[in-house]
1. With the checklist (1) at negative phi; (2) touching a strand residue (DSSP E or B) at 6+ places or on another chain (Cβ under 8 Å); (3) open to solvent by 10 Å² or more (accessible area, probe 1.4 Å) in hand, flag the one item residue 395 doesn't pass.
2. Can you tell me which of (1) under 12 Å from residue 319 (Cβ atoms); (2) surrounded by 15 or more Cβ atoms within 10 Å (Cβ to Cβ) is the one residue 376 doesn't meet?
3. Out of the residues in segment 437-472 meeting the condition of being part of a strand (DSSP E or B) and among the basic types (Lys, Arg), tell me which one is most open to solvent (accessible area, probe 1.4 Å).
4. Conditions first: (1) surrounded by fewer than 16 Cβ atoms within 10 Å (Cβ to Cβ); (2) under 34 Å from the mean Cα position of the chain (by Cα). Residue 610 passes all but one, so which condition is the exception?
5. Considering only segment 505-545, state which residues are small (Gly, Ala, Ser) and under 20 Å from the mean Cα position of the chain (by Cα).
6. Checking the condition surrounded by fewer than 15 Cβ atoms within 10 Å (Cβ to Cβ), closer than 24 Å to residue 388 by Cα and at pLDDT 90 or above, which residue from 618, 634 passes?
Amino acid sequence: MRFLTRWQRPAVVFAHDVLMASLCLPITLVLTAGTAGTAWPAPLWASLVPTAMVYVVIMSIAFSAFDMYRGVWRYASLKDLRAILFAVGSGMALFALIQTVAGLPVAMGWRSLIIAFLVQVAALAGPRYLYRYARSRSKRHLLRGIGIDAQRVAVLGYGNRAEAFVRAANADLSLGLEVVAVVDLAARWGGARIHGVPVIAVPAASTAAGLFDVLERYAGRFDALVIADDPATSTWERVSELFREARRRTIQVKKLAPARTTAPGEDQTGLGDRLARLDYEDLLRRPGVRLAKTEAGRLITGRRVLITGAGGTIGSELARQIADLGPAELGLVDHGEYALYTIDRHMRGTAPDFAVTTVLADVTDGAAVDRLFADFAPDVVFHAAALKHVPLVEANPVQGIHTNLLGTRVVAEACRRHGVSVMINISTDKAVAPSSVMGASKRAAEALVRAMDLHHGAAGSRYLSVRFGNVLGSTGSVVPLFREQILAGGPVTVTDPEMTRYLMTTDEAVSLMLTGSGLCPAGDLPLGTVLVLDMGEPRRILDIATDMIGLAGLVPEVDVPIRFIGRRPGEKLHEALIDEDETLRPLETPLVRAIVAPPPNPVRLGRLLDQLAQSVMSKDSAASLQALRQLVPSYRPDRSAAPAGATGAADRRAAAGPAE
């Protein structure tokens with residue numbers, strides 16, 4: 001029907017259905033005559049004409065009432081069959097009523113009416129499903145006839161999403177897809193078929209190599225594996241393993257994005273738009289990481305929450321997840337105008353049922369921060385404002401120390417003066433055995449927050465640090481850099497072939513952070529606690545580069561070269577999550593643990609912070625770094641770092657908001 005216009009198709013379908021309705025009663029009479037063992041007399045056949053005309057009129061009205069002409073035959077489905085059943089049933093009931101009340105030339109008994117119902121349903125549904133079947137069976141031959149070889153695809157995931165994918169792939173010729181198998185990891189439906197496609201049962205415990213071997217044994221060679229399982233399922237725990245095995249066999253791996261909502265009656269396939277390459281985030285995602293709303297709600301729900309560095313990667317994700325927990329009011333603070341504008345626009349676009357306040361402020365400006373706390377009166381503060389780009393902070397140590405350490409002191413003191421219930425300081429794994437100014441300043445900030453909690457926590461105000469590694473997509477991190485370099489054709493620059501980093505998706509990190517922080521109101525965290533998130537295993541930067549090149553459908557060192565550029569100032573070869581003098585204590589919250597460490601000396605800490613503040617205010621880099629080394633004895637500056645005292649225009653221009 002592709003040659004018909006949108007106005008002609010309903011007319012042709014209507015004519016077909018009227019023809020089927022006009023044939024229904026004669027076929028029924030033939031069938032009932034055969035069952036009775038006698039033939040209908042000729043006069044009865046003549047009187048059937050007016051009866052059939054009444055029947056056709058009634059059925060035509062019923063067909064129109066149930067929108068049977070909106071359906072597209074090549075997408076015929078159970079919804080179409082349901083419409084046919086309701087339409088024919090309603091029409092048959094009305095016909096029987098008229099026959100009983102008004103009388104018709106040919107009176108049909110209940111047995112004849114039931115047979116007529118079945119004949120009519122078969123006459124309407126049969127051609128629709130035969131047309132769809134013929135279209136799907138001829139698809140591969142049609143593609144080859146026009147010089148296109150269909151891409152052979154296996155679908156991973158048995159269920160509604162897989163069924164919808166197979167149905168849409170069979171229906172849309174332009175996609176050039178031939179689904180050769182559906183993989184059932186639950187191993188319950190092996191041997192079944194979905195729209196003619198075999199279901200292959202593969203035990204969930206099978207290795208990725210074993211899964212591909214089974215697929216190729218039963219379905220032959222295929223070009224792509226489409227993951228149709230919901231992102232919350234355990235299949236995604238194996239996606240990294242599946243991707244690497246597929247790359248070894250030169251098989252593409254794609255994912256099926258969720259379907260967009262469409263109006264009733266519209267074509268809802270949209271398969272071409274939903275098929276996408278995997279992102280690197282997909283290789284890291286852990287389905288078990290979810291926000292525990294009970295714990296986080298104790299901290300957030302009904303409270304006034306303030307976020308510093310709200311325009312950064314962590315700060316903006318905090319705002320999004322906190323919004324779902326029902327705060328009384330949300331305050332967004334950042335030094336960067338555009339970053340603050342972006343998150344403010346996003347929050348207001350979601351139309352929250354609480355007030356959103358945005359403030360341009362520098363966390364190192366004590367007077368501005370004090371006014372902000374007096375006006376907003378926060379109950380909970382998340383301190384995410386920091387300078388986090390290691391080489392930039394190495395080149396601008398005064399500004400890094402000012403923001404990361406003294407800015408934290410300003411915020412913590414404001415929390416104390418204004419009676420904030422909980423302050424959560426966002427830390428980093430670079431604070432462990434720091435080799436950079438950034439790491440050392442964050443380690444000193446942890447000590448400051450611990451001292452505040454030990455001194456004031458018993459009175460009801462809690463101060464907590466949360467330590468974790470890199471998050472994907474943050475400003476200045478390797479993932480967006482590698483994406484940019486791959487799009488440019490390379491080279492992809494890697495510091496060292498053995499360098500590793502802990503990595504986690506931003507939403508996972510924030511979910512765990514909120515879940516762990518939610519233990520504060522319940523009194524489950526000892527005073528002076530630092531929380532650390534379970535980051536999984538560290539990953540080689542070189543592996544990240546090769547994976548991302550493969551995700552782009554390219555071959556490392558063939559399509560995109562990789563260049564090793566050496567470590568930059570302040571960078572370590574490997575990071576750690578705890579220091580030598582620290583131990584871990586498990587918590588009830590999964591993937592979050594507490595660090596047990598010797599308590600800081602508050603008197604010494606305060607004295608050294610005062611000395612450091614004087615050096616920073618005088619822009620004395622050497623004195624500032626010397627004071628930082630006294631504050632953090634484990635700080636071992638990298639020998640390749642920029643010379644101390646290299647304070648200049650770049651140092652003065654460094655932003656006091658988040659730079660991740």
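The values are calculated or read from the model by the stated rules, or taken from the named source; none is laboratory data. Quick caveat, the model's predicted, so the values are computed rather than measured. Positions of Cβ are generated from backbone atoms using ideal geometry, with glycine treated the same way; all protein chains shown enter the neighbour counts. Heavy atoms of the whole protein, side chains included, go into the accessibility calculation; ligands, DNA and RNA do not. Shrake-Rupley method; radii C 1.70, N 1.55, O 1.52, S 1.80 Å.
1. So the condition that residue 395 fails would be (2).
2. Going through (1) under 12 Å from residue 319 (Cβ atoms); (2) surrounded by 15 or more Cβ atoms within 10 Å (Cβ to Cβ) one by one, residue 376 breaks only (1).
3. At the first step, the residues of segment 437-472 found to be part of a strand (DSSP E or B) are 462-467, 470-471.
Subsequent filtering for residues that are among the basic types (Lys, Arg) retains 462, 467.
Values: 462: 25, 467: 0 Å².
The selected residue is 462.
4. With respect to (1) surrounded by fewer than 16 Cβ atoms within 10 Å (Cβ to Cβ); (2) under 34 Å from the mean Cα position of the chain (by Cα), residue 610 is out only on (2).
5. Of segment 505-545, the ones small (Gly, Ala, Ser) are 509, 511, 516-518, 522-523, 528, 536, 545.
Of everything in segment 505-545, those that are small (Gly, Ala, Ser) and under 20 Å from the mean Cα position of the chain (by Cα) turn out to be 509, 511, 536.
6. Values: 634 fails: surrounded by fewer than 15 Cβ atoms within 10 Å (Cβ to Cβ).
It is 618.
The rows are residues; the columns are (1) of a type in the set (Phe, Trp, Tyr); (2) out of contact with any Cys (no Cβ under 8 Å at 6 or more places or on another chain); (3) within 26 Å of residue 563 (Cβ to Cβ).
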residue	(1), (2), (3)
389	no, yes, yes
393	no, yes, yes
426	no, yes, no
482	yes, yes, yes
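Matching residues to (1) more than 30 Å from residue 454 (Cβ to Cβ); (2) touching a Cys at 6+ places or on another chain (Cβ under 7 Å); (3) open to solvent by 40 Å² or more (accessible area, probe 1.4 Å); (4) outside any strand (DSSP E or B):
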position: 498; (1), (2), (3), (4): yes, no, yes, yes
position: 509; (1), (2), (3), (4): no, no, no, yes
position: 525; (1), (2), (3), (4): no, no, no, yes
position: 528; (1), (2), (3), (4): no, no, no, yes
position: 531; (1), (2), (3), (4): no, no, no, no
position: 553; (1), (2), (3), (4): yes, no, yes, yes
position: 558; (1), (2), (3), (4): yes, no, yes, yes
position: 567; (1), (2), (3), (4): yes, no, yes, yes
position: 585; (1), (2), (3), (4): no, no, yes, no
